[in-house]
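The values are calculated or read from the model by the stated rules, or taken from the named source; none is laboratory data. These numbers were taken from a predicted model, which means no experiment stands behind them. Ideal geometry is used to build each Cβ from the backbone, glycine not excepted, and the neighbour counts take in all protein chains shown.
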Amino acid sequence: MYLAIAVLALCTPAQFVDEPVHYGQIDLFDHGDFRLFKPFLTMLPGYHALVSALLWAMDWRSLAGARFVSALIGLCTIGAFYLARRRAWNSEDARAAATATLQFGLLPILLPYDFLVYTDVLSLGLVLAASAATMSGRHLLSGVLMIASMCVRQTNVIWLPLLAGVAILPLWLEGKPTLRRRLGLAWPYFAGAALFVAYWLWNGSISLSREQTAMHPDWSLHPGNIWFALFLCSLLLPLHVVIGCREFASRMVAKPWLALVPLAAFATIWLTFRVDHPFNQLLEPLTLHNAVLLQCRDNAWCLVAYCLIATAALCGLAATPLQPRAARLLYPCALLALAGFWVVEQRYALIPLALWLVFRERMSARIEAATTALWAIAAVCLCLGTFSGRFFP
């Protein structure tokens, strides 16, 4: 299936949404012109430099070649997920980890981007590889991979506290660690954070393009991506959410005050729901996430359904066991990562969701098999719709 979609993508001459900017920058590098598309490029050009170098090495200088390289990066990202899953769940056999990896490879909000000239898949792959290195005790390698990931998307700095926590917490479980030992483990992560701060001070904004800071402000928190990520989780994991909500309801019998949680969540989502970023107003080509958001903005009943679906994910998935214990740091890091983006897009949920899939305890084989089948159908539909020009995710 992966090969068939790759062939379809390589045979599609049209460029989608952000591809003209990314491929334009790659084409400049490929022809020895190292100017930057500063008015449009918000991220450091690490992805563009890598792809242009590979295109030069293959002597395949075209949009199809760039998409082929992106597909290879997608395969490497699937491999990084497998390594991270094996490290997180040492008790899980190779076959179970391979099944979880198959599911990740079919993740509907990810698969179309494996074949597009976008930075997100390389960014995700580097974070997953860094997570695997951290859980293997290879902290210097993890720090290097995280710095590389920040050269693709600067905002990946938010995952450094998570990886530092995963590195250091086992020391507390073994006994009181010395300051020297803690610093010995943590310094690669602090080095990445220091380089990010140095870049920020030098550039004057997190966005590489200062012209884009109005659309991607540094000091701005918005809950829209948090609610949209929860909404997507309910759609992607309906069986998990239903079972989790049942367990939540049973806990409410013993602790009636828990009923305040869904009520407060629903009210918060309702009161803070906004669709005010200019990029979320665009529907040409038909953009699915924008269509959903605008429908909820204009129709009260759709907004009620949106709030209920997002609330169900919060109540149904929050108690999912994660391993290792420090993986609970994923939740505050994910909240900060998602809230830092004004424009609402499913791409921003990729890293939080992928890490959650790495750390989570899987359910019964039947439930996971049904989820995999659902994702396979949805992923194929999204890819066919994208590369036929009918819509964009």
Tell me, yes or no, whether segment 285-298 has at least one residue that is in contact with a strand residue (DSSP E or B) (Cβ under 6 Å, 6 or more places away or on another chain), modelled with pLDDT under 95, more than 30 Å from I168 (Cα to Cα) and of a type in the set (S, T, N, Q). yes
For segment 119-150, which positions are buried (at least 21 other Cβ atoms within 10 Å of the Cβ) and not in a helix (DSSP H, G or I)? T119
Residue that is farthest from L308 (Cα to Cα), among those in segment 238-295 that are surrounded by 13 or more Cβ atoms within 10 Å (Cβ to Cβ) and of a type in the set (S, T, Y): T287
How many residues are of a type in the set (G, A, S) and touching a residue at least 40 places away in the same chain (Cβ under 8 Å) when one looks only at segment 42-91? 9
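Just checking, which of V261, V241, V275, V253 is touching a helix residue (DSSP H, G or I) at 6+ places or on another chain (Cβ under 6 Å) and farther than 22 Å from F341 by Cβ?
Working: V261 fails: touching a helix residue (DSSP H, G or I) at 6+ places or on another chain (Cβ under 6 Å); V275 fails: farther than 22 Å from F341 by Cβ; V253 fails: touching a helix residue (DSSP H, G or I) at 6+ places or on another chain (Cβ under 6 Å).
Matching residue, one of V261, V241, V275, V253: V241.
How about segment 303-393: which helices (runs of 4 or more DSSP H) wholly inside it have at least 3 residues that are more than 17 Å from the chain's Cα centre (by Cα) and buried (at least 16 other Cβ atoms within 10 Å of the Cβ)? First the steps, then the outcome.
Details: elements: 330-339, 350-359, 365-387.
Where helices (runs of 4 or more DSSP H) fall fully within segment 303-393 and carry at least 3 residues being more than 17 Å from the chain's Cα centre (by Cα) and buried (at least 16 other Cβ atoms within 10 Å of the Cβ), they are 365-387.
Determine which member of the set L314, L329, L335 is under 26 Å from R251 (Cβ atoms), touching a Gly at 6+ places or on another chain (Cβ under 8 Å) and touching a residue at least 24 places away in the same chain (Cβ under 8 Å). Can you show your working first?
Numbers: L314 fails: touching a Gly at 6+ places or on another chain (Cβ under 8 Å); L335 fails: touching a Gly at 6+ places or on another chain (Cβ under 8 Å).
Answer to the selection: L329.
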So how many residues does segment 79-102 have that are modelled with pLDDT under 95, closer than 20 Å to Y2 by Cβ and either in contact with an Asp or Glu (Cβ under 9 Å, 6 or more places away or on another chain) or surrounded by 23 or more Cβ atoms within 10 Å (Cβ to Cβ) (or both)? 2
Only residues that are under 20 Å from F115 (Cα atoms) and touching a Ser or Thr at 6+ places or on another chain (Cβ under 8 Å): list them for segment 351-371, please. I351
Go through (1) of a type in the set (D, E); (2) part of a helix (DSSP H, G or I); (3) loosely packed, with under 13 Cβ neighbours inside 10 Å for E211 and report which single condition fails. (3)
Just the residues that are surrounded by fewer than 20 Cβ atoms within 10 Å (Cβ to Cβ) and among the polar types (S, T, N, Q), please, taken from segment 23-78. S62
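Only helices (runs of 4 or more DSSP H) wholly contained in segment 1-65 count here; list those with 1 or more residues that are under 26 Å from L102 (Cα atoms) and modelled with pLDDT under 85. Please lay out each step first, then the result.
Numbers: elements: 2-10, 19-30, 46-58.
So the answer is 2-10.
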Please go through segment 83-95 and give me each residue that is in a helix (DSSP H, G or I) and farther than 13 Å from L357 by Cβ, ordered by number. L83, R86, R87, A94, R95
